[in-house]
Each structure stands twice: as C-alpha cells, then as structure tokens.
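Worksheet: one structure, shown below.
The values are calculated or read from the model by the stated rules, or taken from the named source; none is laboratory data. These numbers were taken from a predicted model, which means no experiment stands behind them. Positions of Cβ are backbone-derived with ideal geometry, glycine not excepted, and every protein chain shown enters the neighbour counts. Protein only, heavy atoms only, side chains kept; ligands, DNA and RNA dropped before computing areas. Shrake-Rupley method; radii C 1.70, N 1.55, O 1.52, S 1.80 Å.
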There are 4 protein chains.
Amino acid sequence: MTETRAESIDARIDSLARELSNWGRWGADDELGTLNLVTAEKRLEAARCVATGETISLALELRAGVPQAPRSPRLNPQHLMTETGTDAAARDRASGYSDDVLTMSVHAATHWDALAHVFHRGRMYNDRPCTEVTSAGANANSIVPVARRMATRGVLVDVARHHRVDALAADHEVTVAELEAALDGQRVELRAGDALLVRTGQLGRIAAAQAWSEYTESGDRLPLEPGIGADCLPWLREHDVAAVACDNWAVEHLGAGNPGRLPVHEVGIVHMGLLLGENFELDELAAACAADGRYDFLLAAAPLPVLGGVGGAVNPVAIR
Amino acid sequence: MTETRAESIDARIDSLARELSNWGRWGADDELGTLNLVTAEKRLEAARCVATGETISLALELRAGVPQAPRSPRLNPQHLMTETGTDAAARDRASGYSDDVLTMSVHAATHWDALAHVFHRGRMYNDRPCTEVTSAGANANSIVPVARRMATRGVLVDVARHHRVDALAADHEVTVAELEAALDGQRVELRAGDALLVRTGQLGRIAAAQAWSEYTESGDRLPLEPGIGADCLPWLREHDVAAVACDNWAVEHLGAGNPGRLPVHEVGIVHMGLLLGENFELDELAAACAADGRYDFLLAAAPLPVLGGVGGAVNPVAIR
Amino acid sequence: MTETRAESIDARIDSLARELSNWGRWGADDELGTLNLVTAEKRLEAARCVATGETISLALELRAGVPQAPRSPRLNPQHLMTETGTDAAARDRASGYSDDVLTMSVHAATHWDALAHVFHRGRMYNDRPCTEVTSAGANANSIVPVARRMATRGVLVDVARHHRVDALAADHEVTVAELEAALDGQRVELRAGDALLVRTGQLGRIAAAQAWSEYTESGDRLPLEPGIGADCLPWLREHDVAAVACDNWAVEHLGAGNPGRLPVHEVGIVHMGLLLGENFELDELAAACAADGRYDFLLAAAPLPVLGGVGGAVNPVAIR
Amino acid sequence: MTETRAESIDARIDSLARELSNWGRWGADDELGTLNLVTAEKRLEAARCVATGETISLALELRAGVPQAPRSPRLNPQHLMTETGTDAAARDRASGYSDDVLTMSVHAATHWDALAHVFHRGRMYNDRPCTEVTSAGANANSIVPVARRMATRGVLVDVARHHRVDALAADHEVTVAELEAALDGQRVELRAGDALLVRTGQLGRIAAAQAWSEYTESGDRLPLEPGIGADCLPWLREHDVAAVACDNWAVEHLGAGNPGRLPVHEVGIVHMGLLLGENFELDELAAACAADGRYDFLLAAAPLPVLGGVGGAVNPVAIR
C-alpha cells in the first residue's frame, strides 16, 4: 500500500464519520445505537413473517481448531469435561452426571460485535473515550443492552446467488447496486429496523475446502474477504438498517494491500452505532429462502449477556 | 436420611422410569427426546402468541463470583480482556479495538441440560451407555440437536404469585395440584410441545439477599430448593410438555436429607428425554404477564451449539 | 484513613524511592534488578551450604478454592482433565494415558513478582513507562530473565520463632531490629546476593484455621497481614539482598486503614528492582532449620518462563 | 503397519514389563518409583558437582502457538492479562500494578510425566487401577510427590554431538551402544539415582526451522522422532537411573508405521516407575558441557505441585 492510499482511507473514514454519525441521535446516554430502531412494533412485524414455523440456526458449531487460522490472536472454542460418563461407569452408583467447561474468544465463532469493540480517534460510540474499556471490561457500550432485545425482522440478501456462484471471489467488494439488484430479484423490501443478512458464500467455501488458514486474521495479516464496501454505509444509514450480519469474518470487504483499516467497523460501529454480526452460517437459510421465495423471517439472535463484554456469542435462529 | 429412605427413592425412580419411558418412542436413533414435540406447526402457534412485540430476556448476566456457591465444583463465568481501549490509548493510532475471552462451566448460569447430562443405572436417554460421554465430550445426546430447534410456545406458571408470596419457602415441593390451580388462575392452557416455565421466586430471593452460598451445590452438599416434585413427572408426560425451566438451580425440589438423588433429572432427562432449563430469570417476565394477563409467548431459546456439549448456555428470550 | 495519612505515605514512598533507587546501577538496559547480585560465585557459595542433601519444597499445593478469598480478583488454580483413566477403562485397549490442563492467576499461589508487576507514578523499574505492559504482556521487565537464573543462597529468618509464637499477630509490622535480633539469635550472617526468607507464621495460621477469606485481597479490601515494614527497605538495600520472600500474601505489613498503598512493592520492585516472593510455605523449612541450627541453604527457585509474564509461578526448593 | 508388527510390539512390551517391573520394590504404598533412588546422599553428591556456579535453564519459553502442532489435542500456553500498565496509565493514580493468568496443558511444554500419566492393560504404577484417574484428577501416582524432591545429579549424554551432527535424523533410534559410547567419549560415569538427559538435537532443529507442525502429535498422527529405543530400558534399570529427560516430544524413538504404542512410556512409567521428562531444551547446556568437558551437574527440577496432576510443568535448572 502506498502512503497515499493510507491517507485517502483515513480521509474517507473521517468524511463518512461526519456524514453518518448517530452520536446524540438517541440521547447522550444511549448505548443501543441502531438497535433503537428495533421497536415493539417492529418485532410484531417480524413475528408476522413466520409462515411455516421452520427454524434454521445460523451458528457455527463450536469445536476445537476452527474457524480461527493457526496464528490468530483469538482462541478457538475449547470444550473440557469436568465429569464424564466414563467416571460414572467406574463408580458403580445408581445415578451419575456429566459436566463441562467452555473457553473461547467471544468473537471466535458466530457473534455480534458490541459497540465497545471498535475505536476511532480514541472514541467509541456516542463520543465515549476508549479508555472506558479496561482489563476489567467495558464500562459502557457493552453487549448487555444487545442481549436484552435482539429480535427483529431479518432479511437475507443472497449476493452469491444473485451472481449465480457458490461463493463470491475473495477480493469481491459488494456494492449498493448489487445489494439493490439482489433484493429486487428476491422481491423483498428492506425496512427500518431490519437486520440485513448478506450472503457471500465465503464461510461455506472455506468450510468445504477446510481452508481455515485463509479465513481469519493470522498474526498481523488480514485475510482477503468478499464483503460489503464502505460505500454501502450511507445506504445502510438511509434505510435505517438496525444490524448487518454476514457469512464472513469481518462483514466488510478486505482487499489486497489493506493498510489495516476497516471502514465499515470504524464508521459503522463507532459513528453509526450499527450492530455487526460475523461468522453467520447462511447457506441453509439461503437454500430455504430460494426454495419458497420468502426472504424475510423473525431473527431471534440474543447473545449471552456478559457483563462488560465487547462481543456477544450467539446462536441466531431464523424462524420463518 | 435413613437407609429406608434411600431405598424408597431408588424404587420410586425405577418405577417412574418404567412408567414414563420415551425410549424408542421416536426411533432408536433419536437424540431429541421431547423436543420432537416441537413441530413447525407448534412454532407457528408460538409466533401467533406475539401480541405486543415486547422482548424479555430470561438470562442471568454473566459475571464473576455468581451464581455458584464458593465451593461449587462449577466455574462461575470468567471474563478476560485480550485487547483494551487503554491499550489503544497508549498506541496513539487512528483506530483500535478490544477483544475478550469467556470461560465458564456450561451449566454455570442460565442453561439447558443436554440429554447426555444425566445417567441412570449406567444408561442415558434412549438406552445409550454412559460411557459414550468421555473426556472428549458426548458422542450422543449432546446439546447440538437442541441448538438447532429450541423455539416454541412458552407458558409461565407463576407458583409464587399463586401463593401470593415473593418466593416459595426453600423446602416447598411444588405439586401437580398447585400447577393446575396456578394455570387455572392464570386462564392459560398447557398444550403438547409447550415449554413450561415454573416460577418459584427462588432466584430473585437469593439475588436480593446476595445469598449465593445457599443457592447451588457447595462441595458435596446439595442446597435446599423449592421446585417441582417427582410426582409432577407423570403429569408432564401426560401433557407432552417439551421442556421445563425454572428460576432455581435444579428445576426440582431439593429437601432436607436428600440422599443425593434427583428424580426429575434421572427420570425426566434419562427416561423421558425431557429438556430441563435451569437458572432462568423469571421475575421480569412474571411482572409483565401479571400486568396484562397473557401468560403464553414465543420462547426463543436456542443454546450455543457446542460439539459434544452436555449443556447449553443460552440467553432465552420471551417475545410476547 | 485520613487525607493526612494518605499524603504522608505518598511522601514517604517518594522519599524512599529517591534514596534507594537502583535505576541505572546495572545499566540502562538492565531488566534483572537485584538479581544482578546473584553471581556465579554466589551460587558456588550457595552450593556449599548443602550439608545433608535434604530437600524441602516451599510451594503451596495447587488446588481449587485456595488460597484466594472468594471475592479476589485473582483466579485460584483450576485443574481440568482432558484424558482420564476412566476413559481408558471404557476403551479396553492395551494402553492408555491421562492428560490435564492448568489455569491460574500467575500470582495465585507461590510466585515471584516480575519487575513489571508494579508501577509508581507511571514508571516501572529502570525508568520504563508502565504502558510497556499491555494486554499482550510485558515488553520489558518480564519474568523471563528471573526464570533463567534464580538460584542463590537462601537465609531463613524466623521472626515468629524469635517471638516464640506460632504466628505473628495480623497487624504486626516486622522491623529492622527484629530481623537483626532474629538473625543474631539464629547465628547466621546475611550477605550480598542472598534471598531472605522471612517467616511470619501467617500462611500456616491461615491454613490451619482454613481462614482463607482473611488471607488475600477480597473485592477492593486489603487483608490485615504481618510482614516487613517500609523501614526495612534501606536495610535490605544496605545488605544488597537479592530477593525477599515471605509466608504471607504480600511480603509487606498491611495494617488497618491502609489507603491502598504498598511501599515495599512500590519502592522495592519499582525503584530498587528487588525480587519479591509471596505465599512461600516456610513452616517445614523452619522446623528443619530449628532442629539442626543451620539457617542457610541453596534456594533453587526458577519460575516458569512465561513470555511477557508479570509473575512467575514456582516451586521453590531449599536444598540443605 | 502389519498385524504382526502390532502383535510383536504388544508381546515385547509384556515381556519387558515382566522383566523390569519395580512394582512392590519400594512397598505397596509407594508412589515415587525410581525417585526413591534420589536419596539425601545423592543430592549431596549432586551439590558437589557445582564447580563454577553457572545456571542454565532447560525450559522452553511459554508462549502462544508453540510447541504443539496445530491439531494437537494439547493446549499451548495462553497468557492473558487481567490488569495492565495501559489500564494504570488511564487511571492517573500514584501507583498501579499488572496481573496475569496462565492456561496450558500441563504437558504442553517442558514437563515431567507423573506416574499416573500412562496405563498398561488397565493398570498404572505399583499395580493400581487406571480408574483411580478420573475427571477430578489422579487419586494416586500424581505429580505431588515428584514436586517435593526432584533435585539430583544430572548427567548429559550428547548423542547428537557423539555423531557430530546438529540433530539426529527423525527416524534415528538411540541404542545402548550409542549411549555407552557417548558417555565414554564424554568421560562421565552414570550412577544410581542420576537423571540422564539425552540430547538428540530434535528440539533445536525444529525451533530453528520453525517446523512445529512436525514436532508433536497432530490429530491422531504421531510424529517421527529420534529418541531412545525400548532396548535401552533394561540398561536404564540396570544402572538404576532415576529419571530420563530428552529434547524431544516423547523421550522415545517414534518411527514410521508406529502402531500407537510407546514402549518406553508403557514399560518405563507403568512398570518401572521411571520419571520421564519431555521438551527439555538441552542445546545451551550441551555447549557449556562441551566447552569445559564437565557433563554432570546439580539438576534442580521440581515441578509445580498440582493436586491430582498427571504431569508437572517445570523450569529445570542445571547448576554446574
């Protein structure tokens, strides 16, 4: 990357930040950001999307060794047993039980980013200083408010299917025009307060090839990844989308020569207060939507309420 | 406890096991148990319960030091930061982020028990040997099938309110008669496939008093706890309830002199394949139900899908 | 505590810091501090202290639930099995194995403090900024240099025995006069490069009474603790002691009304570069020394070399 | 591997087990095994080996990502900070501190195997049933007795140097003849109670090439590894060696087509009660020994005393 490119990304982020800021929009004390757009009425609308009662889980199974690349700073799930049936068998009593412990980076698998997850120029959402996030956790903008209300109408936009491919190329930047064309082709309307699920095919492609070493950050190296570009941010703001989730590592497009800047995170999370969801498994949902042509559903996706947490592990379920 | 009492509990469990067994009911390969009763139609019915779009989370906040008693064999949630805003502030770059790690016993806070969680006479649900649960996890009856489909109609039965108390006494055994009277007073019907949420007031009482040392197992000592008695099991089977969750540590009544036997677990989980949910926070939901007289709702409660997991940490949400 | 007292402790620490500083004494790049006093000749001297070949471990056994008080910010040792003999028994193969995982706060049990463990006015040992210690660990003054060389002559000074008590009172501040009198009574000479082990009896008293809730920090509350006072620091500097370890939580005396300041840590670690060892089990060693009147020995106490670690878990062994 | 080969290894192990068993040699209650050979006199002898006072640590630095291969069942060290200097800088108080947590498989880096680590035909050392090792840890043969006394005379035998190579080939089986020739060339005598450190050069070769994916077990695949063969066991028994440690993953030679049997572990640990040490870093020690021709030293290598532990993380130090 050239100096010029880093500078221009810097300027682009600053410009988008000014243009799209939601700081103060819901009051100086707000920690919900765009989740404010998910009202009770919105959830009623979401419940009315349920037509067959089918449920589809969008979560990666939690297992050792995936999805992080070997040199990722994040810890893949570790599942350890503290009591087992083999123990019980050796004891020869009438009854017994098993028990287990789970350790993982909160952002390791399917999760929402809390608004405390990203900083820009030393601030986080709603103009709070980043120093509010210490080793004791986030004093503000934690995942807890998300955990109490994340259920809304979900809309799948299947960009990979729009292009008639299993998965977009690793350097494909999804544009507003593609999102609009895909939604149009699916005959589904995007409305204020919706969670938009963008399917790139990336997670399915990686899983099929067991190519996890290409999927996430590894050491200091960002992966190549198809995803939405920064140019989608004004469109997301205009439509008052409440959340965006994607079947990739970082929601946003990561191209060659990226200077370590993530505009969708820096502007979306920090300035818009936009909820981002990562590592969502969208292939089964996409097949169901394609089969009956219904692309909206009730998305029940309330993460674990970790006090001070900067992310939310979740098993998002589409009820359709 | 006398020898006689241990023997009689033993015989009672064997008798109930024979009477109520669901082994083979849904085929020899089944790992879902009573979740088979949650059909697509059932979820449609559940979605139709949504009248105002209000969401109420039933999860305990995950935080250090609670809810386990100090000498519990289970690990309370531990939340550790791997990147912080204070780190970012010291670096002086345009952007930064925070990240975190969560460690906990899967059964530490609000969770479902997997069907691999309990054994009786060396077997678990559907006549599988308990040795299928090793240090590598459960080879069968794990939480994964639950994670893919746990959304159904929920019905709250507020036994504490029925008795006009904040919380039942610690040695109170909830009977079928009480459940029926409470449901009747609430004018709500229990149907096949429902998740029954039984409010005892125990969790609220303990939290208000910060009396966590009385709440869970500690060393080898079981707590005293109000909850449903073994006599409720035939009634649950007769109504084809899909799941029972409670605002206490173990769903079931634990009285003085308990010889370490848990009939609701041993018969319910092992022989009926019944899904049990523990440490559900029901006070806010109960207040909402009492306010408008509606006691049923869509319960979206899909746990994290841990491969081989014997429990499922979950943030259950009532959408009503 | 009154404002005045906090101010006077502040001034006392600043004054001692100026008086006793070793910053620059061993060069601007030094990360060893007083361990520079442990030379090869010193270790030869230590080896010559071995007279009978007896070994005594000074480590607390690592076990769940101790020694941290329930609300301590530190994690007691957690030992989890990942393979067991009960698993092996269920497999019926010719051979098998067991394996385990250990999680603990590095400072939870018997340990050395790294020079990166404490900061004073934003600096750590040898005038480095505290911001060198991030969520990624210590970039300087870590435990690694200690791990490579911690073997020297150890001298036990048994202050409890000097006072003919099993344990000093919880508010007892050990003075220079007591140290000198006790050493004199033991007929042992303190020399440059020695590790001084100060026995208060505190750990033995707590263990005997299982009074762990009084032993460590709990929430924000410091314990009461017998230990050396700040007035011992000039004497330690004068004798060029390389390390001080104690059978208590924090080496130093902690009295009622302590305003959260630890002068032995702030001056000793930060300004003198003095190695402090905590939770050393000294009762068995004391009994052996008293029995034959020999109070010096080879102390082999090299901690685990954790990259970036700010403490060193260790099993210190006295060979005498 | 052919059926025949598996059978013949099986028979060979049974035969060696009968021939070399130490079960009962030190009483029916013994849990020390060959550590019984390390007497006080032995340690006096060891202390007399100290000639210059030089210390050399034989431990791998504990760091993320090494030395386990990516798909190893063991957890590499994870070092997490719970308090940092960056936190302290943001607080602006006169003093501050940092703190950290370590998680690792006990056998992940440099360690001793406890006698409870390996089973043969359902038994462990001194004819105890393997079911004594449950999810709660080892009820017998744990690491704790080792932790209390592991200091003895160490002897380095540098087989790689004997062959004038940096490292032995990955399929090289070290024989008795080579051990004797190497010791002879080094002019050092092996005596009862010694710890024998066998240098193959494997760890140095792997580290230099950063070829960790070849170093340990990965999934179910054993690595190729130079090490001592089963034929060395009678010789070790004859010399009454107390411990054998090596700069490789498993002490013993692992060749192509290994049917998953480890005779040095199965006979050595289970039947002889022999202490095995793995992942010892021997290159620096070897250079020092070669430089002055002294190949014996005091080996201070007391592991952390984990209650019920089946291994012992350790920072072994040669004092010479």
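Can you tell me which residues in segment C:292-307 are of a type in the set (Phe, Trp, Tyr) and under 17 Å from residue C:39 (Cα atoms)?
The answer is C:297, and nothing else.
Which pairs have Cβ atoms under 7 Å, sit 6 or more apart or on different chains, and link a residue in segment D:237-266 that is closer than 23 Å to residue D:39 by Cα and within 14 Å of chain C (Cβ to nearest Cβ) to one that is surrounded by 24 or more Cβ atoms within 10 Å (Cβ to Cβ) and among the small types (Gly, Ala, Ser)?
From segment D:237-266, the pairs are D:242/D:195.
If you check residue D:263 against the conditions, is it open to solvent by less than 30 Å² (accessible area, probe 1.4 Å) and over 23 Å from residue D:12 (Cα atoms)? Reasoning before the result, please.
Working: open to solvent by less than 30 Å² (accessible area, probe 1.4 Å): yes; over 23 Å from residue D:12 (Cα atoms): no.
No.
Working only within segment B:282-313, note down all residues that are open to solvent by 10 Å² or more (accessible area, probe 1.4 Å), within 19 Å of residue B:183 (Cα to Cα) and facing chain A (nearest Cβ under 10 Å).
B:284, the sole residue that qualifies.
Restricting attention to segment B:61-72, which residues are more than 7 Å from every other protein chain (Cβ to nearest Cβ) and crowded, with 19+ Cβ neighbours inside 10 Å?
Correct list: B:66, B:67, B:68, B:69, B:72.
Suppose we keep only residues that are within 25 Å of residue A:77 (Cα to Cα) and within 14 Å of chain B (Cβ to nearest Cβ) within segment A:270-281. Which one would you say is most open to solvent (accessible area, probe 1.4 Å)?
Among them, the one singled out is A:281.
Going by the structure shown, is residue D:166 open to solvent by less than 10 Å² (accessible area, probe 1.4 Å), over 30 Å from residue B:219 (Cβ atoms) and not polar (S, T, N, Q)?
Considered against the rule, which asks whether it is open to solvent by less than 10 Å² (accessible area, probe 1.4 Å), over 30 Å from residue B:219 (Cβ atoms) and not polar (S, T, N, Q), residue D:166 comes out as no.
Can you name every residue in segment B:114-132 that is within 9 Å of chain A (Cβ to nearest Cβ) and under 25 Å from residue A:313 (Cα atoms)?
B:114, B:116, B:117
State the number of residues belonging to segment B:140-152 that are surrounded by fewer than 24 Cβ atoms within 10 Å (Cβ to Cβ) and either more than 7 Å from chain A (Cβ to nearest Cβ) or modelled with pLDDT of 95 or more (or both).
3
Looking at (1) assigned to a strand (DSSP E or B); (2) under 23 Å from residue D:38 (Cβ atoms); (3) open to solvent by 10 Å² or more (accessible area, probe 1.4 Å), can you tell me which one residue D:157 breaks?
It fails just one condition, (3).
Picking from D:58, D:75, which residue would you name as being under 21 Å from the mean Cα position of the chain (by Cα), at the interface with chain C (Cβ under 7 Å from one of its Cβ atoms) and surrounded by 23 or more Cβ atoms within 10 Å (Cβ to Cβ)?
Being under 21 Å from the mean Cα position of the chain (by Cα), at the interface with chain C (Cβ under 7 Å from one of its Cβ atoms) and surrounded by 23 or more Cβ atoms within 10 Å (Cβ to Cβ) holds for just one of D:58, D:75, which is D:75.
Of all residues in segment D:84-104, how many are facing chain C (nearest Cβ under 8 Å), of a type outside the set (Ser, Thr, Tyr) and either at positive phi or open to solvent by 20 Å² or more (accessible area, probe 1.4 Å) (or both)?
2
Hey, among D:108, D:114, D:151, which residue is in contact (Cβ under 8 Å) with a residue 40 or more places away in the chain, of a type in the set (A, V, I, L, M, F, W, C) and over 16 Å from residue D:36 (Cβ atoms)?
Result of the check over D:108, D:114, D:151: D:108.
Which count do you get for residues in segment A:107-150 that are among the β-branched types (Val, Ile, Thr) and closer than 14 Å to residue A:275 by Cα?
5
Scan (1) in a loop (DSSP other than H, G, I, E, B); (2) more than 8 Å from chain C (Cβ to nearest Cβ) for the single condition residue D:107 breaks and write down its number.
For residue D:107, the exception is condition (2).
Name the residues in segment C:101-110 that are within 24 Å of residue C:129 (Cα to Cα) and under 11 Å from the mean Cα position of the chain (by Cα), would you?
Of everything in segment C:101-110, just one residue is within 24 Å of residue C:129 (Cα to Cα) and under 11 Å from the mean Cα position of the chain (by Cα), namely C:107.
Among (1) open to solvent by 50 Å² or more (accessible area, probe 1.4 Å); (2) more than 18 Å from the chain's Cα centre (by Cα), there is one condition residue B:183 misses while meeting the rest; what is its number?
With (1) open to solvent by 50 Å² or more (accessible area, probe 1.4 Å); (2) more than 18 Å from the chain's Cα centre (by Cα) applied to residue B:183, the lone miss is (1).
Given the criteria surrounded by fewer than 18 Cβ atoms within 10 Å (Cβ to Cβ) and closer than 30 Å to residue A:43 by Cα, does residue B:240 qualify? Walk me through it before giving the result.
Numbers: surrounded by fewer than 18 Cβ atoms within 10 Å (Cβ to Cβ): yes; closer than 30 Å to residue A:43 by Cα: yes.
Yes; evaluated as a whole, the condition is true for this residue.
Quickly run through segment D:188-205 and pick out the residues that are open to solvent by 10 Å² or more (accessible area, probe 1.4 Å) and within 21 Å of residue D:240 (Cβ to Cβ).
D:188, D:189, D:190, D:191, D:192
Of all residues in segment A:110-139, count the ones that are acidic (Asp, Glu) and either open to solvent by 10 Å² or more (accessible area, probe 1.4 Å) or part of a loop (DSSP other than H, G, I, E, B) (or both).
Going through segment A:110-139, the residues acidic (Asp, Glu) turn out to be A:113, A:127, A:132.
Subset that is either open to solvent by 10 Å² or more (accessible area, probe 1.4 Å) or part of a loop (DSSP other than H, G, I, E, B) (or both): A:127, A:132.
Matching residues across segment A:110-139 total 2.
Scan segment D:43-55 for residues that are in contact (Cβ under 8 Å) with a residue 60 or more places away in the chain and either assigned to a loop (DSSP other than H, G, I, E, B) or more than 7 Å from chain C (Cβ to nearest Cβ) (or both) and jot them down. Even if it seems obvious, please write down each step before you answer.
Of segment D:43-55, the ones in contact (Cβ under 8 Å) with a residue 60 or more places away in the chain are D:43, D:45-47, D:49-55.
Result: D:45, D:46, D:49, D:50, D:51, D:52, D:53, D:54.
For residue B:13, only one of the following conditions fails: (1) touching a residue at least 24 places away in the same chain (Cβ under 8 Å); (2) under 30 Å from residue B:317 (Cα atoms). What is its number?
Among (1) touching a residue at least 24 places away in the same chain (Cβ under 8 Å); (2) under 30 Å from residue B:317 (Cα atoms), the lone unmet condition for residue B:13 is (2).
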